[in-house]
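Below: the structure, in structure tokens.
The values are calculated or read from the model by the stated rules, or taken from the named source; none is laboratory data. Keep in mind that this is a model prediction, so the values were computed, not measured. In this analysis, Cβ positions are derived from the backbone assuming ideal geometry, glycine residues included, and neighbour counts consider all displayed protein chains.
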Amino acid sequence: MSMQAVPSPLVSRPHFDAGQLLRLGIDTGHERVVYLDRDSPICRSEGFGAHSRVALRVGEREILATINLVQRNLLAVDELGLSESAWHALLPQPGEQAAIAHPPSLDSLAGVRAKAYGRELDAAALRAIVDDIVAHRYSSIEMAAFVTAASGERLSLAEVVALTRAMVQAGSQLHWPQPCVVDKHCLGGLAGNRTTPIVVAIAAAMGLTMPKTSSRAITSPAGTADTMATLAPVDLSAAQIRAVVDSCGGCIAWGGAMNLSPADDQLIRIERALDIDSAGQMVASVLSKKIAAGSTHVVIDIPVGPTAKVRSAAEAQSLAGLLGSVAAAFGLTLRVLFSDGRQPVGRGIGPALEAHDVLAVLRNAPQAPQDLRAHALTVAAAVLELGGAAPADTALAAATACLDSGRAWQKFQAICAAQGGMRTPGRAAYRQPVPAPQAGRVAAIDNRRLSRAAKLAGAPASPLAGLTLDAHLGDAVAAGQPLFTLHAQSPGELSYAMEYVSRHAHIVSIEEVAP
């Protein structure tokens, strides 16, 4: 395996001495912000105001940042305050001063404007946009303009292919000596559904190579990396991933440290804020990370349901077609599965709670959630077939035998040990069941609001927090029987989540059963 990184060029512009840098400890997320006194001479001389974009240089290190102005002597006129993201990007040494300047013009914004007016962009224009996004030259507003201009059905197939390629080339790429490297991905929008650790264990135990790089949660109660982090270290370097895969055949690592398709995380942040998730951008997002990770054969799981990310069979079929066309352009062998997205998979929602479900399935425990087991086996069978480890008519039986025999559990333990040591996830100290208001049958479950309740309880920042689903679709329940149970690491978070639940009575809907 090798890794290649694409460096970001420094901005060459006249700079003006600006003064001493201060770390203010303000978390602005990904937005790089510089704070100046409103009476700063540099603001008066250069015409900088609130929300102006500036180039900030310390030695040979340079970033683009957004100005916020302060008053009431919070900063001296010759001081610059930095947000946490700006500070970590510059890493100034004690005594180092900064220089500030107008930023260079962003030629790639012409492409954004053209797309807003409905023009088709060529590969060069999309590559310029992606490169500027990765180099943090775009403000959040400018990225929002691109996301909006490219939303809906505005990206042609050629544009989606070009965007995918630009996103791959803008970051690191992993290369493996094996001719077949398998992977899987779920399009999300469904709580729980933590099949990845089970699938990787089965695939690796069956002799396939599956170096799984997964994401942390962006807006969900847990990402695969969050859940795996409660079981073993996931912040692995490229060399560590290679060592784990060489010894075990697979790994489950956090992909954020690998700089794979770095534009993706920035665009997803904007898409989530705008609640825009168009098919073209979704396909470029998913496939760029798979291609950058060195995958050759990929299974995509698309849950379909009224509160999942994909809500209709027609939308799922259209998305599958686009995925297949773009994958073919890169020589990627792809298989798409459609699954039931009407309710969560498993019982736990939240990092540790999902980890407990995974362990129960791998250990073949009697209390293991059978829906998670069945879905993991279905995905694993597709991976085995696609990777050539089992023919189509026996792939499910082979995956089931691997799990039932304990081979998958042994392989998972070996992977955890190779990644730094297996640990046991804990349990939250504070819990509160949410009872059924009446007797009847579970008619519907709102995945989005259920996930929202788990996040308000503290997940994923509090890894033990979230909820457990106590009733599934079609289950008969008595009045007062728990529908789900909130888990929190503090009483305040538990109260916060319960307040939300009290205002949304139909997170789990109960219908009366005729006598």
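Which residue pairs have Cβ atoms closer than 6 Å, lie 6 or more positions apart in sequence or on different chains, and pair a first residue in the stretch 395-411 that is free of Cβ contacts under 8 Å to residues at least 40 places away in the same chain with a second residue that is crowded, with 19+ Cβ neighbours inside 10 Å?
If the second residue must be crowded, with 19+ Cβ neighbours inside 10 Å, the pairs left are ALA395/ALA381; ALA395/LEU384; ALA395/GLU385; LEU396/ALA381; THR400/LEU377.
What is the residue count in the stretch 394-436 for residues that are of a type in the set (Lys, Arg) and assigned to a strand (DSSP E or B)?
The total comes to 1.
Filter the stretch 97-121 down to residues that are surrounded by 14 or more Cβ atoms within 10 Å (Cβ to Cβ) and of a type outside the set (A, V, I, L, M, F, W, C) and give me whichever is farthest from GLU142 (Cα to Cα).
So, considering only residues that are surrounded by 14 or more Cβ atoms within 10 Å (Cβ to Cβ) and of a type outside the set (A, V, I, L, M, F, W, C), the one farthest from GLU142 (Cα to Cα) is GLN97.
Step by step: first the residues of the stretch 451-481, then only those that are part of a loop (DSSP other than H, G, I, E, B) and polar (S, T, N, Q), then the one that is surrounded by the most Cβ atoms within 10 Å (Cβ to Cβ). Which residue is that?
Looking at residues that are part of a loop (DSSP other than H, G, I, E, B) and polar (S, T, N, Q), I get SER462.
Under 7 Å by Cβ, and 6 or more places apart or on different chains, what pairs join a residue from the stretch 139-159 that is assigned by TED's automatic domain parsing to the domain that holds ALA123 with one that is in a helix (DSSP H, G or I) and among the hydroxyl-bearing types (Ser, Thr, Tyr)?
LEU157/SER325
Considering every residue within the stretch 240-249, establish whether at least one is in the same structural domain as LEU353 (by TED's automatic domain parsing) and outside any helix (DSSP H, G or I).
So far as the stretch 240-249 goes, yes, one or more of its residues are in the same structural domain as LEU353 (by TED's automatic domain parsing) and outside any helix (DSSP H, G or I).
So, restricting to helices (runs of 4 or more DSSP H) that lie completely within the stretch 74-143, which ones have at least 1 residues that are within 17 Å of VAL33 (Cα to Cα)?
It comes to 84-90, 123-134.
Suppose the filter is farther than 19 Å from ALA382 by Cβ and either assigned by TED's automatic domain parsing to the domain that holds VAL130 or more than 15 Å from the chain's Cα centre (by Cα) (or both); does VAL310 pass it?
It is false that VAL310 is farther than 19 Å from ALA382 by Cβ and either assigned by TED's automatic domain parsing to the domain that holds VAL130 or more than 15 Å from the chain's Cα centre (by Cα) (or both).
Do we have GLN367 as out of contact with any Lys or Arg (no Cβ under 8 Å at 6 or more places or on another chain) and without any contact (Cβ under 8 Å) to a residue 60 or more places away in the chain here?
When the stated conditions are applied, GLN367 passes them.
Quick check on the stretch 68-80. Is at least one of its residues touching a His at 6+ places or on another chain (Cβ under 8 Å) and within 25 Å of SER140 (Cα to Cα)?
yes
Among residues belonging to the stretch 383-393 that are touching a helix residue (DSSP H, G or I) at 6+ places or on another chain (Cβ under 7 Å) and part of a helix (DSSP H, G or I), point out the one that is surrounded by the fewest Cβ atoms within 10 Å (Cβ to Cβ).
My answer is GLU385.
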